[in-house]
Amino acid sequence: MVTTHAAGTAATEGMATGLTASLARSALVGNGLLSAGELRSRQAAREALTSGFTSIDTLLPTGGLRRGSLVEWLAGGDGSSATPADGSGAVTLACAIAGRLAAAACGPRTIVVVDRSGWFHPPAVLPWLDESRQLVVARPSHDDDEIWAIDQALRCNGVAAVVAWPRSMPRQPYWSRETSADDGRRCGGSPRQSRWTTAMRRWQLAARSSGAIGLLVRPAAAISESSWAEVRLAVSSLPGGTLRERWLRLEWVGGAWSGGREGQAVEIVLDATRGCEGSPTRRPGRGLATPRHEQTARSADRQGGASCRAS
């Protein structure tokens, strides 16, 4: 028994040594297999680009949007769709940020808008772009084509940003036509949610491979679904805007970058004539815009309580 055990141990050690050598020869050790620390270092090394909106950059942990990432903009309200006509300003903001990403000093200059709904009006954003930036609009007619167009655009090395507002998830995605209802239940959700998760995972890998940034506008109801986006921001329109300026509120509601940031919010002014951040000094009909923490402090002062403000 002892001899047999020793022989088995020796055989096991020999197999382990041979496997290690085989992995080393196939470059799976060192360069291929990464530790958690190495993986975090690689993620941190990805370039972060400014969104063009100082308030948004301040809200993000890296001071901007990292190349090869997905960002979800959840349109305000409880509607079942998110389009340029939903009134939240999420699509307009996403297009403005895409223009700023394409204006980076180095990198691709093309913006792709995947417009399944047919609401997007290209002349509205053309004044935001100079001759060095290009706008490509894809209008797929079927669910499968919409998913495929987003996937292919994110894989293109010449694309800086992809803006899309998927109208609905496909009943049967082109890459998983064999998926059944049982598959969705085994994944811990409904078949539709499972397929949406699969679609977003493919988009994340596509963006990671090219460095493009995906700006996905979705209805607020999608907050209950799982997501592969690094950032999820709820966008709602504030009163007092004009045709030239939109006041928007952005609240952090989830994403891989969360780290306890849920609930943090900023108010921004979108200059609709230039596609950039406007002056936040005054909101028509509301007086001076006051940061939320100062509003809380003033309320405490009025109630006779003590407040502490950072200098």
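Please tell me if ALA85 is more than 13 Å from LEU215 (Cβ to Cβ) and modelled with pLDDT of 90 or more. Here the answer is no, as ALA85 does not meet what is asked. So for region 74-82 (the condition being at pLDDT below 90, out of contact with any Pro (no Cβ under 9 Å at 6 or more places or on another chain) and farther than 20 Å from LEU233 by Cβ), does at least one residue qualify? Checked region 74-82: no residue is at pLDDT below 90, out of contact with any Pro (no Cβ under 9 Å at 6 or more places or on another chain) and farther than 20 Å from LEU233 by Cβ. Within region 143-172, restricting attention to residues that are modelled with pLDDT under 90 and within 18 Å of LEU216 (Cα to Cα), which residue is nearest to the chain's Cα centre (by Cα)? Ranking the candidates gives PRO166 first. Inside region 202-238, residues that are part of a loop (DSSP other than H, G, I, E, B) and touching a Lys or Arg at 6+ places or on another chain (Cβ under 8 Å) make up a count of 5. Only a single item in (1) outside the structural domain of HIS121 (by TED's automatic domain parsing); (2) modelled with pLDDT of 65 or more is not met by GLY305, and it is number (2).
Can you tell me which residues in region 203-258 are among the aromatic types (Phe, Trp, Tyr) and under 20 Å from ARG274 (Cα atoms)? Give the derivation first.
The first filter runs over region 203-258 and keeps only residues among the aromatic types (Phe, Trp, Tyr), leaving 203, 228, 247, 252, 257.
Selection gives TRP247 alone.
For beta carbons closer than 6 Å, sequence separation of 6+ or different chains, a first residue in region 228-250 that is over 30 Å from ASP151 (Cα atoms) and of a type in the set (Gly, Ala, Ser) and a second that is in a strand (DSSP E or B) and modelled with pLDDT under 90, the qualifying pairs are GLY240/ARG283. Scanning region 252-301 for residues that are at pLDDT below 85 and part of a strand (DSSP E or B) turns up ARG282, ARG283, GLY287, LEU288.
The values are calculated or read from the model by the stated rules, or taken from the named source; none is laboratory data. Keep in mind it's a predicted model, so treat the numbers as computed, not measured. Methodologically, a virtual Cβ is constructed for each residue, glycine included, from the backbone with ideal geometry; neighbour enumeration extends over all protein chains shown.
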